[in-house]
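Worksheet: the structure to be examined is printed underneath.
The values are calculated or read from the model by the stated rules, or taken from the named source; none is laboratory data. In this text, all values refer to a predicted model and were calculated from it rather than measured experimentally. Backbone-built Cβ (ideal geometry, glycine too); neighbour counts: all protein chains shown. All accessible areas refer to the heavy atoms of the entire protein, side chains included, with ligands and DNA or RNA removed. Shrake-Rupley method; radii C 1.70, N 1.55, O 1.52, S 1.80 Å.
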Amino acid sequence: MTSGFDVPQHLWPDRRRLLVGAGALLAGAAATPLRANEPRRVLHVDSYHRGNEWNDRIAAAVEKALTGTGVTLRIEHMDTKRRDSEADKQAAARRVVDVIDTFKPHVVTTSDDNAVKYVLMPYYRDADLPFVFCGVNWDASGYGLPYANATGMVEVSPIPQIVEWLKRNASGPRLGFLAEDTPTKHKEMKYHERLFGIGYDATYFVSDFPGWVDAFRAAQTEVDMLMLLGVGRITDWNADVARRVAEDETRIPTGTDFAWLMPYSLFGIGKLPEEQGEWVAGAALKILDGVSPRDIPVTHNVRGELLFNPRIAATIGIKRRPPLARVIE
Amino acid sequence: MGRPEKPPTDSTDNRHGSPPSLARSTLWRVGTRIALVVLVATAFSYWHVRSGIEEQALAGLERYVSERRARESVPLLDAEESLAMLVRQYEKALQDPGTETSFNDLFVEQDDGTWRTTRELFDRDWVSGFVGKHADVDAETRRALIGAVDVVRRFGPSWPGRFANGYVLTPNQAVVMFWPGHDWALGGGDWEIFGKLALMREASGSGGVVVSGRRDAEPAKGTRWSGLYYDYGVRRWVVSVTRPVVVEGRHIASVGHDLMLQDLIERTVTSDIEGAYNLLFDADGNLIAHPRFMEAIQARGGALPVGETDDGHLKTLFSIAAEVGRPGGLVEVPGQDEYLAVSRLDGPGWYLLTVFPKELIAFEAVNMAYIVFGLGFAALLLELTILSGVLRRQIGEPLKALVRTADRTRAGDVAHEEILGELDTGRSDEIGTLARAFKDMLNELERRETALASGNAELSRLNLKLRHELGERKRAESELQRHRELNALLDSIDYGVLFLDADLKSRLANDAYRRMWQTAPDYYDQRRTLREDMEESRRRGLYMVSEADWPEYLDERIDRIRAGPFGPEELQLSNGRIMEYECTALHDGGRMLTYYDITDLKRAQANLRIHLEGMESSMDGMALLDHQGRYLYVNYAHARVYGYEREAMIGLSWRALYDDDELARFDREIVPVIHSRGRWRGEATGRRQGGQTFPQDLSLAATENGGLVCVVRDISERKARERALDQALQRAEESNAAKTRFLAAMSHELRTPLNAIIGFNRIVSRKTEGVIPERQSDNLAKIQTSAEHLLKLINEILDISKIEAGRMDVAFIPYAPSGVADECLRLIEPMVQPGVALRCDCVCDMPHATGDAAKVRQILMNLLANAARCTLSGEICIAVERDGERLRFAVIDTGIGIAPEAQATIFEEFARLDGAARTGAEGTGLGLPISRRLARLMGGDITVRSEPGEGSTFTLDLPFASRSGSLPVSEPAPSRAVGT
């Protein structure tokens, strides 16, 4: 969900044709025409491991949506968050290809970037086997999507709504952006500016936890409201200290689109993984019913939920809790 | 005499407070009744007005809803009509053969596989187009798109202000858009364009997967409205309306508009009617606008399912709205105190609801009731004001004048005629009658009071006199009481006090003064001059002033006292008492002389000085410490011991004089002892100012005030001597032990060959008896004698060695003392000189003693052998007696005796008597030392009494029941020689 669009460099261009050809060959072998009365099979490929809450909720939504439809669902985890070396990711992709060979699904659904980047793009691009992806952030064109055999739901964040709420509660117009120093977050900030016309008066990209704390403190005086985005790549993250700093030292409204950043943020609109899981399952059913993936336009998520941290609200003197907001402390 | 006058009081302020006012009570009764009428009228007005207001409000609400529905539906219906027209024009454009614009002039294939219109087209006509990269760009699509460009270009300029945009969508993911200022289809990514297309097509709130329609598929008929969604292009919340274009049964395209409903939403969440609020539902029950839930609605993507709010009230409202249906109506919400106005908007079919709380109607009615009540209350106040004026003028004022007249009459402060002038006696009504009767009564009262006043004046004068006398008497008694208390106080103190008046005559002398000056108890009953008083004391011989000096002394002293205050000064009397006296001037010119006997104090000071001098001269360090352990006083020796200047130690803590280890010992061992026993003595290690430590004898005693008395002595030299002595003693003991070991070893090694010599010599003598010459036989005899002497000497050395080495055991068995004595006499018999008698003086029935009989025998044999060697004539006697728990053997001879100076050394090893040598009875010099050590080993001793030429008596004193030696045997006590 937070991976970049960079293609594995050692695969391009030397082995590109060879692998794409092999992928197409494999896809051709794996694509199984659906015959009447044949049990319908869907393989859901999760880029991460079981226990990763976000992806588990997507998989659960897929499973729930397919329950009672006569579809046999198999879920395969690539585990590329815990085993994130390039070799591990490629090995995981080959394992998925093997599963596809043996399970022979009629549709493959994927969640998050690595399944697209390491399975769909190198092995099944424009092949016969239909793919439905989700969890690719902001723009799937980085992987050349959509393909003739693939459609999906791009994951976007309700940034305008968050900023609108922050403005109503801020004492000034200056907006800050604090996130881990990764290409993905830089690109995300550019999307904010291009899509929503949001201009950040100060940006804080940090590589480690002390840097995050320093930036968080600096932002309290340098801007009037602050967007807090992903910190998953900060390896020395200290949740307890971050919570204490946020609860004790927040002076301006802060917002995020991640529910797990809510212990450090005043306000948030969290995306709902279930929306993506339901859409992916719905698209898979359409395809199983004979619709071509090319006739299902790529779309993006729209649903979210209000999140609110009353401890931080108390620190900066905000007493009104947005109605229907889920309280996270 | 008249009655005492009573101060006048105002009748309007009588003992019951304000008097009941006739006017006031009348006003109260009238006002109360009118107020009740006003309240009833107000209540009636409220109910009447409320019902009217409710009818009006509901009618107004219905009107409002109807107007609102019409107003909000205008842009929606406009959009639908616009699309209907656009469909017709588009169908015409598709069929118009005049369309010749080349598709390639409008669209260019992009690197990503998409087709997009040219920038020039947008810059010129605000038209942009997009074809997805997997779409089939066939001829029909091209015609559809060319027609779309044509129609939106022509009709687009009429849309701004009415719609955000207008567009044509084909079933295969192609779109042509007229959107002023937004090159949406040129710059947006696939997902942005497709995402919006999906939202455009999506029925409100279904959230499902959108499938691009195929041309041959059956299109949805009529106008379709999307749900509310956030458009990333305009960054606003919009809703899309589309209408399919079907040509010959084929779905060629759809035309549509986006409507920005921000105004509609804002009008919804801000109600026109104060107290009421609006909300917007779509047909699927999704909340689109609500004044409280807008944040949640927008977070949810613009449509919040009512089921997710967990708000039963909202669910009820929606179900009512669904039941009411189009076009709407006004209903009362069951179970809620409110009305619900429902109207369904044309176009998307959304429900616009207005919730109108009933309390708003009640509020209006209450406001009206307040107005009625206020008016009624104002009228009431006006009526009461008028009535009050009339009552006051016609009744209140005449009555008050009557009351004032009565009060002033009672006070009698003005003339009679003036008082009556205020009454209106000319009125013919009840008030006039009352005034005239009152006037007659006043005239009668005046006459009686004149008679009464004269009597009262005399009575008042006598009363004042009596009060004055009583006051004087009380003051005198009080003064007398104070005087007695002062005397008692003066008599109870130790100070002698003599009060003198300004003429220096005695006024008062307390008991202490009389005791000090030994005057009779009644001496001061008469007033004495100071001179008389001093003369009296002199007659008693108390002054140490000579006869010649007395007149001058007396005058000088009296003059000083008269001159003024002085002191304190000391005065010594002839009886040895020392007084401290002081003269104090009194405010009336008198004097107070105070005397205090400081004799004991002086004595204590003298003693203290003596003790202090003793401490100062002490060789030991002495000091006094306060309760915090700081030095209050140190003598020179104390300061010297610690190496300080004396002044430097004052205020210093004793803890500075010891190192940490010693302080720990103090805290652990010494301080608890001082706390429990009050004192401690022992040795400690002090630290001098330079840091050098030294041993000290230390004595600490706690004082009553929590301080300490400290006596310290530097014992460095003594310790050094003790160490030297210990070392010397240790060396001596080591030498002695070495000597003992040597002797024991030597004696053993010598005795073995010596026994062999004696044995072989005895054999040779016996074998050669009568064979060898006599001279050789004598030599053998000398060898025998010398060897036996040497053997004896060695045995005795061995005994001493055993004793000193602590290896001599003492038996503890019963024996007969007299039997041992007899046995020894028999054994010694061969050794005595001829003519010397042997005698035993024993008690025959003496019981058995307990001890070591062999050692007793050895001692007695040694003593008897000495006696035999030293006694050439006379007798040798052994006497045995028991004295309590002691047993004594005495060996008495009539030999040569021992010189006094020799008696001190005869118990030392190898000491010999000169006389013994002369008798040829020389011993080994070890017999007596061994005997004494054995005696002491058994708990006894040997003493000697001797007189040269008269003989000697050796007394062996033993416990009757001895166990073991208790006296030290290594260091014999000096022998005690007793002269005979």
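Kindly work out what percent of the DSSP beta bridges joining two residues of the protein assembly as shown are antiparallel, to the nearest 5. Mind showing how you got there, number by number?
Working: 133 of 180 bridges.
Taking every DSSP beta bridge with both residues in the protein assembly as shown, the antiparallel ones total about 75 percent.
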Point to revise | Links that overshoot a 21 Å alpha carbon limit, given the list A:Lys104/A:Lys271; A:Lys64/A:Lys89; B:Lys802/B:Lys855 | key: A:Lys104/A:Lys271; A:Lys64/A:Lys89
Review point. How large is ³J(HN,Hα) for each residue in the stretch B:685-691, as worked out from phi by the Karplus curve 6.51 cos²θ - 1.76 cosθ + 1.60 (θ = phi - 60°), to whole Hz, x for Gly and Pro?
Key: 10, x, 10, 6, 4, x, x
Check your understanding: For the Cα atoms of chain A, what angle does the longest principal axis make with the long axis of helix A:183-196, in degrees from 0 to 90, nearest 10?
Key -> 80
Practice item. Of the options B:Val131, A:Phe103, A:Leu120, report the single residue whose Cα projects farthest towards the positive end of the charge dipole of the protein assembly as shown (beta-carbon charges: Lys, Arg +1; Asp, Glu -1). Key: A:Phe103
Check your understanding: Do the sum for the protein assembly as shown: with -39,500 (n - 2.57) for every DSSP H run of n ≥ 4, divided by all residues, what is the mean residue ellipticity at 222 nm, to the nearest 500 deg cm²/dmol?
Key -> -15000 deg cm²/dmol
Point to revise | Nitroxide proxy distance, nm - points 7 Å out along Cα→Cβ at B:Thr425 and B:Asp136 | key: 13.5
Exercise for review: Under a cut-off of 18 Å between alpha-carbon atoms, report the aspartates and glutamates in cross-link reach of B:Lys505, not counting same-chain residues fewer than 8 places apart.
Suggested key: B:Asp522, B:Asp525, B:Glu532, B:Asp533, B:Glu535, B:Glu536, B:Asp555, B:Glu556, B:Asp559, B:Glu582, B:Asp588
Point to revise | Degrees separating the helix A:273-288 axis from the principal Cα axis of chain A, which is the longest one | key: 20
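Stretched out fully, how many nm does the piece from B:Glu570 to B:Arg630 gain, at 0.36 nm a residue minus the Cα gap?
Working: separation 60, 0.36 × 60 = 21.60 nm, distance 3.54 nm.
Here the answer is 18.1 nm.
Considering only protein heavy atoms and a 1.4 Å probe, what is the carbon-and-sulfur percentage of the accessible area of the protein assembly as shown? Before the final figure, lay out each step's value.
Values: 34390 of 65890 Å².
Roughly 52 percent of what the probe reaches on the protein assembly as shown is carbon or sulfur.
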Revision key, fill the gap. Here the relative contact order (percent) of the stretch B:34-157, from C-alpha pairs under 8 Å and at least 6 apart, is 20
**Study point:** Segment B:Thr599-B:Leu77, length gained on full extension (0.36 nm per residue, minus Cα span)
**Key:** 175.1 nm
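Report the calculated FRET efficiency for B:Gln262 and B:Leu384 (r = Cβ-Cβ distance, R0 = 51 Å), to the nearest 0.05. Don't jump to the answer; show the numbers that get you there.
Details: r = 60 Å, r/R0 = 1.18.
Step by step, r from the Cβ atoms, then E = 0.25.
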Practice item. With label points built 7 Å along Cα→Cβ from the Cα atoms of B:Glu458 and B:Ala411, find their separation and express it in nm. Key: 3.1
Review point. Label points 7 Å out from Cα along the Cβ direction at A:Arg194 and A:Asp236: separation in nm?
Key: 3.5
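Taking 0.36 nm per residue of separation and subtracting the Cα-Cα distance, what length does fully extending B:Ile674 through B:Phe438 add? Could the numbers behind the result be given before it?
Numbers: separation 236, 0.36 × 236 = 84.96 nm, distance 10.21 nm.
The B:Ile674-B:Phe438 span can extend by a further 74.8 nm.
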Exercise for review: Return the lysines within reach of B:Lys474: Cα separation strictly under 22 angstrom, same-chain partners fewer than 8 residues apart disregarded; answer none if there are no such residues.
Suggested key: B:Lys465
Review point. Nearest 20 debye, what's the magnitude of the dipole of the stretch A:100-174 about its Cα centre given +1 on Lys and Arg Cβ and -1 on Asp and Glu Cβ?
Key: 360
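For B:Lys782 and B:Glu901, what is the calculated FRET efficiency with R₀ set at 51 Å and r taken between the beta-carbons, to the nearest 0.05? Display every interim value, and only then the final one.
On the way: r = 33 Å, r/R0 = 0.66.
E(calc), rounded to 0.05, equals 0.95.
For chain B, return all DSSP H helices satisfying: extent of Cα atoms along own axis at least 30 Å; mean Kyte-Doolittle hydropathy at least -0.5. Intermediate results must be reported in sequence, preceding the final value.
Details: long enough: B:22-95 (106 Å, 0.03); B:358-391 (49 Å, 1.59); B:430-491 (83 Å, -0.84); B:716-768 (75 Å, -0.68); B:774-805 (45 Å, -0.33).
Going by DSSP H runs, the hits are B:22-95, B:358-391, B:774-805.
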Review point. Net charge near B:Thr953, counting Lys/Arg +1 and Asp/Glu -1 over other residues with Cβ under 9 Å of its Cβ?
Key: 0
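Taking the stretch B:765-855, which trypsin sites (Lys or Arg not before Pro) meet the DSSP loop condition and have no more than 14 other C-beta atoms within 10 Å?
Numbers: sites: B:Arg766, B:Lys767, B:Arg775, B:Lys782, B:Lys792, B:Lys802, B:Arg807, B:Arg826, B:Arg839, B:Lys855; in loops: B:Arg807.
Here the sparse-neighbourhood loop sites are B:Arg807.
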Check your understanding: Dipole of chain B (Lys/Arg Cβ +1, Asp/Glu Cβ -1, origin at the Cα centre): which of B:Leu928, B:Val209, B:Val673 lies farthest to the positive side?
Key -> B:Leu928
Review point. Under 17 Å Cα-Cα from A:Lys167, which lysines qualify once same-chain neighbours fewer than 8 residues away are excluded?
Key: A:Lys319
Practice item. Give me the accessible area of B:Thr354, 1.4 Å probe, in Å² rounded to the nearest 10. Key: 0
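Determine the dipole magnitude for chain B: charges of +1 sit on the beta-carbon of Lys and Arg, -1 on that of Asp and Glu, nothing else is charged, the reference point is the Cα centre, and the result goes in debye to the nearest 20. Kindly include the intermediate steps, with their values, before the conclusion.
Numbers: 120 positive and 146 negative charges, 356 e Å.
The calculated dipole for chain B is roughly 1720 debye.
With the other protein chains left in place, how much accessible area per residue, in square angstrom, belongs to chain B at a 1.4 angstrom probe?
Working: 52850 Å² over 980 residues.
It amounts to 54 Å² per residue over chain B.
Using a Förster distance of 30 Å, how high is the FRET efficiency between B:Ser699 and B:Glu485, based on the Cβ-Cβ distance and rounded to 0.05? Please report the intermediate quantities before stating the final value.
Numbers: r = 53 Å, r/R0 = 1.77.
Efficiency, rounded to the nearest 0.05: 0.05.
Only bridges whose two residues both fall in chain B count here: according to DSSP, what percent of them are antiparallel, nearest 5? Provide the component values of the computation, followed by the final result.
On the way: 128 of 136 bridges.
Here the share of antiparallel DSSP bridges comes out near 95 percent.
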Practice item. Please give the helix A:159-169 orientation as an angle from the longest Cα principal axis of chain A, in degrees from 0 to 90, rounded to the nearest 10. Key: 10
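Counting residues in chain B as N, plug N into 2.2 N^0.38 Å and put the Cα Rg over that result. It would help to have the intermediate numbers written out before the result.
Working: Rg = 73.5 Å, N = 980, 2.2 N^0.38 = 30.1 Å.
Chain B yields a ratio of 2.44.
How high is the relative contact order of chain B? Use alpha-carbon pairs under 8 Å, at least six apart in sequence, and give a whole percent.
Working: 1502 pairs, mean separation 60.7, N = 980.
6 percent.
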